[in-house]
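Trainee: Sharing a structure below in structure tokens format, with a few things to ask.
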Amino acid sequence: MNQTIFSLKKPYLAIATTLFLMFGLFVLAKKVLISNTSSALTSAITLDFALIIPIIYFLLIRKSNVPKTTTIPIFIIGIVIASYVIPYQHQGLLNVIKTWILPIVEFLVATFVIIKVRKLIKVFKKTNQDSLDFFDALKLSTKQLLPKFLANLLTMEIAVFYYGLFKWNKTILKPNQFTHHKTSGTPILLGALILIIGVEMFTVHFLLAKWSWIAALVSLILSVYSAFQILGFLKSLLYRPITITDDTLVLKYGILAESNIKLNTIETIVYYSKEIENQSEIKKLSPLGTLEPHNILIKLKTAELLISLYGSEKEFKAIALYIDNKVDFLDTIENLIHK
């Protein structure tokens, strides 16, 4: 019993201790560095933030269930705080860490995630779990590596990069999989949005360049990044179909939204294309809302979770969605429900 209580409290103890040390060092550094900015002192403070505190955190969690890789965010947070506390002209050691050590850590994190994803995908293929794909494997991998909030951010960034650049093969649907993008008009809408961003990007860039080349460059980078994100969202619609298993309806709207519904919790499922008047009662699978049509309405006996962009969650007992082949979709679900 005592062991259980200790194991439950230890992660919180590690986090509390780490935060206390960081805050204490922050306050101390702000006071001491006002009158003394010697290289020895600034180097010592830098090492405390970037090395000593992460090591203490690691020692506190090493025998707990907390992933050891959570030491990496502590290391990064330490670097951020040190960058703020230590005067710019005395950040020599800190710049060395940023230039040489931080990129190596980032590379190791990315490599670790990719290896974990590849292993998980192989496991999914062996067990014939049709509803699980790259994005699912990526989420599982990052959650083992980072706290939930950071894991969601990293998952989305890698997923956009993967679907936007590397995923080009043709999707072959299985009998229990259904698309929702071919006749909805969403790809045209997102494609038009990318085109608008492209036109705006060049126009704004040339206008800003007359005033400030830095502002023009920042605007260009933001525009390219926004267009690339939309491309990743668009392509993910093509590769993440809605899947029906023996007991679960796996709803996916690309990497933007998803939900798992047990078939025995479905109260009614009907064709439905009317405008949704009460959006608090009926959620839409698509985050585009009224910009995308719907033709199916599912009402549930119990509430389920709709997971949206960056892991945000909403409860629903009724959800509207669009299915290209709505007749086969409805027939398949009803046959399984009444089996």
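The values are calculated or read from the model by the stated rules, or taken from the named source; none is laboratory data. This structure is a prediction, so every number in the text was calculated from the model and none was measured. A quick note on method: Cβ atoms are made from the backbone with ideal geometry, for glycine too, and the neighbour counts reach across all protein chains shown. Only protein heavy atoms, including side chains, enter the accessible area calculation; ligands, DNA and RNA are left aside. Shrake-Rupley method; radii C 1.70, N 1.55, O 1.52, S 1.80 Å.
Trainee: Describe numerically, in nm with one decimal, the distance between label points set 7 Å from Cα along Cα→Cβ at residue 88 and at residue 337.
Mentor: With each label point 7 Å from Cα toward Cβ, the separation is 6.4 nm.
Trainee: Given the Cα-Cα distance of residue 171 and residue 65 and 0.36 nm per residue of separation, how much length would full extension add, in nm?
Mentor: Extra length from residue 171 to residue 65 when fully extended: 34.3 nm.
Trainee: Something else: Mind checking the stretch 204-278 for GluC sites (Glu not before Pro) that DSSP puts in a loop (not H, G, I, E or B) and that have at most 12 other Cβ atoms within 10 Å?
Mentor: 275, 277
Trainee: Tell me, what HN-Hα J-couplings in whole Hz come from the Karplus equation 6.51 cos²θ - 1.76 cosθ + 1.60 at θ = phi - 60° for each residue of the stretch 245-253, using x for Gly and Pro?
Mentor: 9, 4, 9, 9, 9, 9, 8, 9, 10
Trainee: About the Cα centre, and with charges only on the beta carbon of Lys, Arg (+1) and Asp, Glu (-1), how big is the dipole of the chain? Nearest 20 debye, please.
Mentor: Rounded to the nearest 20 debye, it is 1060 debye.
Trainee: Another one. Which one, 193, 330, 84, projects farthest toward the positive side of the charge dipole computed for the chain from Cβ point charges (K/R +1, D/E -1)?
Mentor: So the residue furthest toward the plus end is 84.
Trainee: Additional query: Which cross-chain or sequence-distant (5 or more) residues have an amide H under 5 Å from the amide H of residue 254, H modelled 1.01 Å from N in plane?
Mentor: The answer is 240.
Trainee: Further question: Between residue 199 and residue 96, with labels modelled 7 Å along Cα→Cβ, what's the label distance in nm to one decimal, could you check?
Mentor: Each label point lies 7 Å from its Cα, and together they span 5.4 nm.
Trainee: Still on this structure: In Å, what Rg and Dmax follow from the Cα atoms of the stretch 230-325?
Mentor: Over the stretch 230-325's Cα set, Rg and Dmax evaluate to 12.7, 37 Å.
Trainee: What is the packing order of peptides 37-46, 195-204, taking the mean over residues of other C-beta atoms within 10 Å and listing the highest first?
Mentor: Per-residue Cβ counts within 10 Å, averaged per peptide and sorted highest first, yield 37-46, 195-204.
Trainee: Report, for the chain, the % of DSSP beta bridges that are antiparallel, rounded to 5.
Mentor: Antiparallel bridges: around 90 percent, rounded to the nearest 5.
Trainee: Could you do me a favour and compute the accessible area per residue for the chain, 1.4 Å probe, result in Å²? The partial results should precede the final answer.
Mentor: Details: 19790 Å² over 339 residues.
For the chain, the solvent-accessible area averages 58 Å² per residue.
Trainee: Quick one: what are the phi-derived ³J(HN,Hα) couplings along the stretch 228-234, Karplus 6.51/-1.76/1.60 with θ = phi - 60°, whole Hz, x for glycine and proline?
Mentor: Ordered by residue, 3J(HN,Hα) equals 5, 4, 5, 4, x, 4, 4 Hz.
Trainee: Over the chain, with every protein chain in place, what whole percent of the accessible area is carbon and sulfur at 1.4 Å, could you tell me?
Mentor: 67
Trainee: Residue by residue through the stretch 277-291, which ³J(HN,Hα) values in whole Hz follow from phi under the Karplus form 6.51 cos²θ - 1.76 cosθ + 1.60 (θ = phi - 60°), with glycine and proline marked x?
Mentor: In residue order, the calculated couplings are 8, 9, 6, 6, 8, 10, 8, 10, 4, 6, x, 6, x, 6, 6 Hz.
Trainee: List the lysines whose Cα lies under 24 Å from the Cα of residue 339, skipping any in the same chain that are fewer than 8 positions away.
Mentor: By straight Cα distance, residue 339 reaches 174, 262, 299, 301, 317, 326.
Trainee: Now for a different question. Calculate for the chain the 222 nm mean residue ellipticity that helices alone would give, adding -39,500 (n - 2.57) per DSSP H run of length 4 or more and normalising by residue count, nearest 500 deg cm²/dmol.
Mentor: Values: 11 runs with 186 residues, N = 339.
The helix contribution divided over the chain gives -18500 deg cm²/dmol.
Trainee: Farthest toward the dipole's positive end in the chain, which of 144, 41, 207, given Cβ charges of +1 (Lys, Arg) and -1 (Asp, Glu) about the Cα centre?
Mentor: 41
Trainee: While we're on this one: Order 13-22, 209-218 from most to least packed using the mean count of other Cβ atoms within 10 Å.
Mentor: Result, highest mean first: 13-22, 209-218.
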